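Novice: Let me give you the structure first, and then I'll get to my questions.
The values are calculated or read from the model by the stated rules, or taken from the named source; none is laboratory data. Note that this is a predicted model, so its numbers are computed, not measured. Positions of Cβ are generated from backbone atoms using ideal geometry, with glycine treated the same way; all protein chains shown enter the neighbour counts.
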Amino acid sequence: MPSLPELMHRTFFRTLSLLSPGAQGTILRRYFEWRHRIPDPWKLATDSYEQHKYHTTLKHLPPRPYRRIIEVGCAEGVFTGALARAYPDAEITGVDVSARALERARARVPENGRVRFVQADILTHRPEPRFDLVFCSETLYYLGRHDRLRLASAQLSGLLVPDGVLVAVHPWPEATRLHGYLDAHGSLHRLGEQVYTAPPRPFAITIYGTKPG
């Protein structure tokens, strides 16, 4: 059960989604710029819970070659670096709304022709070409209400090539609601889910595929 501060946090972001997508995106960008006024505000690089989550996420990926990978909401690039090490032959793109976060991500994982970082909003970002593997972790609850989550699901699906893989990782049991929008999207089908219920913060890793071309 979320704590009172977490519930207030979620209510704030649901309220933001009553605005137009452009206005919502502007406020989210300013919020995350403010959060990243200090390095690594969520301790993603040092917290043992986060490291466990990254390790188990990679462990559950379908074993196949991935040529192009995108991480949506990459923050300061901690998981991007793990992806670069796990898939040394893949092109990897990290996307985030915060310029401050991306500046630190580039210092952590230098852009070298294989890894790059892009400042963009997932609700409007339309990169080409598309990707074999898409990650969306701890991001959807910032987008708020139903229409934005449906739009986000369509956007995430649109990032994938035929027979691509989408990995969504969010707190449990909140993931049931958030990932339900992905379940409802016609071009995605669920390949599997693993729920980790141990303290301090249960989470679910849900994996989707798109139909082969």
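Novice: Looking at Gly209, Gly180, Gly186, which is the one that is in a strand (DSSP E or B) and either closer than 21 Å to Pro65 by Cα or not hydroxyl-bearing (Ser, Thr, Tyr) (or both)?
Specialist: Just a single option satisfies the conditions, and that option is Gly209.
Novice: Could you please find all residues in region 27-50 being exposed (fewer than 15 other Cβ atoms within 10 Å of the Cβ), of a type outside the set (Gly, Ala, Ser), in a helix (DSSP H, G or I) and free of Cβ contacts under 8 Å to residues at least 60 places away in the same chain?
Specialist: Within region 27-50, Ile27, Arg30, Trp34 qualify.
Novice: When the residues of region 88-147 are narrowed to those that are within 15 Å of Gly158 (Cα to Cα) and among the aromatic types (Phe, Trp, Tyr), which ends up surrounded by the fewest Cβ atoms within 10 Å (Cβ to Cβ)?
Specialist: Phe131
Novice: Leu156 is checked against (1) touching a residue at least 40 places away in the same chain (Cβ under 8 Å); (2) outside any strand (DSSP E or B); (3) over 18 Å from Leu143 (Cα atoms); (4) hydrophobic (A, V, I, L, M, F, W, C) and fails just one. What number does that condition carry?
Specialist: (3)
Novice: Could you list, ordered by first residue, the pairs with Cβ atoms under 7 Å in which the first is in region 169-198 and aromatic (Phe, Trp, Tyr) and the second is surrounded by fewer than 18 Cβ atoms within 10 Å (Cβ to Cβ) and in a helix (DSSP H, G or I), at least 6 apart or interchain?
Specialist: Cβ pairs passing all conditions: Tyr181/Arg150; Tyr196/Thr56.
Novice: Right, here's the next one. All but one of (1) loosely packed, with under 14 Cβ neighbours inside 10 Å; (2) over 12 Å from Ile207 (Cβ atoms) hold for Ser157; which doesn't?
Specialist: Result: Ser157 passes all but (1).
Novice: Applying the selection to region 79-107, what residues are under 15 Å from Ile38 (Cα atoms) and either assigned to a strand (DSSP E or B) or of a type in the set (Asp, Glu) (or both)?
Specialist: Selection gives Glu103 alone.
Novice: Same structure, new question: Find all pairs meeting these conditions: Cβ atoms under 6 angstrom apart; at least six residues apart or on different chains; first residue within region 121-137 and polar (S, T, N, Q); second residue modelled with pLDDT under 85.
Specialist: none
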